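These notes are about the structure you will find just below.
The values are calculated or read from the model by the stated rules, or taken from the named source; none is laboratory data. Just so it is clear, the model here is predicted, and its values are computed rather than measured. Methodologically, a virtual Cβ is constructed for each residue, glycine included, from the backbone with ideal geometry; neighbour enumeration extends over all protein chains shown. Surface accessibility is based on the protein's heavy atoms, side chains included, excluding ligands, DNA and RNA. Shrake-Rupley method; radii C 1.70, N 1.55, O 1.52, S 1.80 Å.
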Amino acid sequence: MPELIVALDLPDREKAVSMARQLRDALNWCKVGLELFTLGGPRLLERLKEQGFRVFLDLKFYDIPHTVARAVTAAGVLGADMLTLHCQGGKRMCQAALEARNTAVDACSAPLLFGVTALTSFGPGEMPGVSAPPGVYAQDLAASAADWGLDGVVCSGREVRDIKAASPGLACLCPGIRPAGADSGDQRRTMTPAEAVEAGADYLVVGRPIIEAPSPAEAACAILEEIRAAAAAPAAE
Ligand code: C5P
């Protein structure tokens, strides 16, 4: 079954730890992004790991190959189970990241590497210097990510079918997930949890619809139920 990952996008380390605790019974994965890592640093990752979470460190690395390789090694040492880097960093940057991961001191320090394609907040015509629609651009980058050997890509659920058709072995991790009726906020290429699962997504990342809900645990359970039902339904022809 696809995994649900909660994005702990909260402005306070203790709030994040307490939110994680509320969700621990329902979820195995949590995501630490730019805001929370800036606030909480390595110690926060340690605390989430102590709670038994697998941690997705979403810092979207984009730099010269040497710097990204060193950052991947550092994230592995901190215990990140998965991390992101921009596909736009190109072949040499992504392969330097892979080499750093593949030569980690032990398996626990070897995170899965996911390439960011086109952010789910981009709508048509919004990507600087890119005339192709974001979905087409995402597919092109995903094909490169597969060639370079990344474990997966970050994309909208709307792109998963085409990406999987071209690169069946590539995992798809989808943000921009919104239960029916939920506010899309700054996200543009959204899908419901069921739609993303039906398209073949492997991981669904959900932030605000869970962490801003009156009961985050209930919101997470409702999304999990939707994922379960969609995963159990026979595939549409
Ligand atoms: O609150 P919401 O569900 O929109 O949160 C989505 C999360 O996924 C955010 O933490 C955001 O940084 C992250 N993300 C994204 N689009 C990407 C990559 C990561 O929205 N392409």
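Numbers at a glance
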| quantity | calculated |
| --- | --- |
| Length released on extending from ALA104 to ALA132, taking residue separation times 0.36 nm less the Cα-Cα span | 6.4 nm |
| Mean accessible surface per residue for the stretch 71-177, computed with a 1.4 Å probe while every protein chain stays in place, in Å² | 41 |
| GNM top mover of PRO133, PRO193, PRO216 - the chain, alpha-carbon springs below 10 Å | PRO133 |
| Apportionment of accessible area to carbon and sulfur, the stretch 161-211, percent (1.4 Å) | 46 |
| Under 16 Å from LYS91, Cα to Cα: aspartates and glutamates that are on another chain or at least 8 residues apart | ASP63, GLU99, ASP140, ASP147, ASP151 |
| ALA217/ILE64 FRET efficiency (R0 45 Å; Cβ-Cβ; nearest 0.05) | 0.60 |
| Segment ALA231-THR38, length gained on full extension (0.36 nm per residue, minus Cα span) | 65.9 nm |
| Of ASP202, ASP140, ASP186, the one that fluctuates the most in a GNM where the chain has Cα springs shorter than 10 Å | ASP186 |
| Extension gain (nm, one decimal) between GLU46 and ASP140, 0.36 nm per residue minus Cα-Cα | 30.2 nm |
| Residue-averaged [θ]222 nm for the chain, counting only DSSP H segments that reach four residues, each worth -39500 (n - 2.57) | -13500 deg cm²/dmol |
| Cα radius of gyration and Dmax for the chain (Å) | 17.0, 48 |
| GNM flexibility winner over the chain from ARG24, ARG178, ARG101 (Cα, springs under 10 Å) | ARG24 |
| Nearby lysines by direct alpha-carbon distance to LYS49 (threshold 19 angstrom, same-chain neighbours under 8 apart not counted) | LYS15, LYS31 |
| Surrounding net charge for GLY185, when Lys and Arg each add one and Asp and Glu each subtract one, Cβ distance under 12 Å | -1 |
| Fraction of the pair-distance distribution of the stretch 51-128 above 19 Å, Cα-Cα pairs, percent | 35 |
| Accessible area (Å², 1.4 Å probe, nearest 10) - HIS86 | 40 |
| ASP183 accessible area, 1.4 Å probe, all protein chains in place, Å² to nearest 10 | 120 |
| Sites ALA180 and LYS91, calculated FRET efficiency, Cβ-Cβ separation with R0 30 Å, nearest 0.05 | 0.15 |
| Cα-based Rg / Dmax (Å) for the stretch 1-134 | 15.6, 45 |
